[in-house]
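The values are calculated or read from the model by the stated rules, or taken from the named source; none is laboratory data. Please read these numbers as outputs of a predicted model, since none were measured by experiment. Virtual Cβ from ideal backbone geometry, glycine too; neighbours counted across all protein chains shown.
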Amino acid sequence: MKLKILFVILNLLFIAVFVLLFSAVFSVIPGSMEAGETSGIPSELPSGIYVSAVLCLLLFLAIVAADVFFIKNMRLFEFLAAENWPALARTLEKQTIGRGKFSKMNVSLLTEVLVLLSDYPTLQNLFSKLKSGKPDLYCRFSPDFTAASIVFGNLEEAEKCLEYASRNASSFPGVKDWLDFYSAFIAMKKKSYEKSLNGFAALASGADDLIVAAVSGYFCSEVIPGKTFGIGLGASKENAGAAALSAKERVLQCCSMEKWNKLCVGSRKRVRAAVIGKTLIDVRAWLFPAG
């Protein structure tokens, strides 16, 4: 009910602004015409009139588009406001898996809600449908499905997702960094430490995503050496140490502690960061030891 009231209030405000702007623009026209007739000189409308008229039209279209979007998704917004996650999941499931109406917003939201509800079977079903019907969306959200599969203990499904998405996800910014990260992470889970270290070192040196770069650097510097005591890593150990230092320097050049904290808060909202949620606290201490 509160959402509907807010919707009405916002519409009234938008309409009031539109009416004022519309009135201001077109009240100038009669005056301009009258001045031209009095002076005997053909009158020309100020060029700003046309710009203002276009702005009026754009504002009107924006109001209509916002209303259509809100009305179309009102039930979803109501469930979100009430934090009614089961009802939200059922509604999104009907729209996506049931009716095949996949959109970026619905897939992202349903993925997050299903992880929150620990409903991995439905999540598998969703991504199975995406893989066969919407492969671009499957690749776009493949890091989220990979992370969820790891969290729910299905490494085999995670590896299948990585194998498919790694061949097809290069056109989606940021996705490849996360796929490479989870490839190295799974190698670490399987105790293939040298392979994992090489993967994390490459990301620490070259990942565009600062979260991926920093966490990879931390794994290179602290986690894998701690698990192996430096044994069996060969020349990879020295390369990883240099990569970790590179990642640390690069992140510190871009981020103060405050900015890093904001990045972490934003990252935790994504399913793809679920595996490393608690690790981010240790990474912050590694980056800012005096913080």
- prompt: Right, Asn125: modelled with pLDDT of 95 or more and surrounded by 13 or more Cβ atoms within 10 Å (Cβ to Cβ) or not?
  reply: yes
query: Somewhere in the range 57-66, is a residue closer than 30 Å to Val115 by Cα and either modelled with pLDDT under 75 or not β-branched (Val, Ile, Thr) (or both)?
result: yes
field: First in the range 122-133 and assigned by TED's automatic domain parsing to the domain that holds Asp144, second anywhere and of a type in the set (Gly, Ala, Ser) and not in a helix (DSSP H, G or I), Cβ under 9 Å, 6 or more apart
entry: Lys129/Gly100; Gly133/Gly100
- line: Here the residues within the range 128-160 that are buried (at least 22 other Cβ atoms within 10 Å of the Cβ) and farther than 21 Å from Ser267 by Cα are Leu130
message: Quick check on Ile224: is it out of contact with any strand residue (DSSP E or B) (no Cβ under 6 Å at 6 or more places or on another chain) and surrounded by 20 or more Cβ atoms within 10 Å (Cβ to Cβ)?
response: yes
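Per-residue answers, yes or no, for (1) in a helix (DSSP H, G or I); (2) within 19 Å of the chain's Cα centre (by Cα); (3) in contact (Cβ under 8 Å) with a residue 24 or more places away in the chain; (4) not assigned by TED's automatic domain parsing to the domain that holds Leu245:
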residue	(1), (2), (3), (4)
Glu93	yes, no, yes, yes
Val113	yes, yes, yes, yes
Ala148	yes, yes, yes, yes
Ala165	yes, yes, yes, yes
Asp177	yes, yes, yes, yes
Met188	yes, no, yes, no
Phe200	yes, no, yes, no
query: If you take the residues in the range 256-291 that are in contact (Cβ under 8 Å) with a residue 40 or more places away in the chain and of a type in the set (Ser, Thr, Tyr), which one is surrounded by the fewest Cβ atoms within 10 Å (Cβ to Cβ)?
result: Thr279
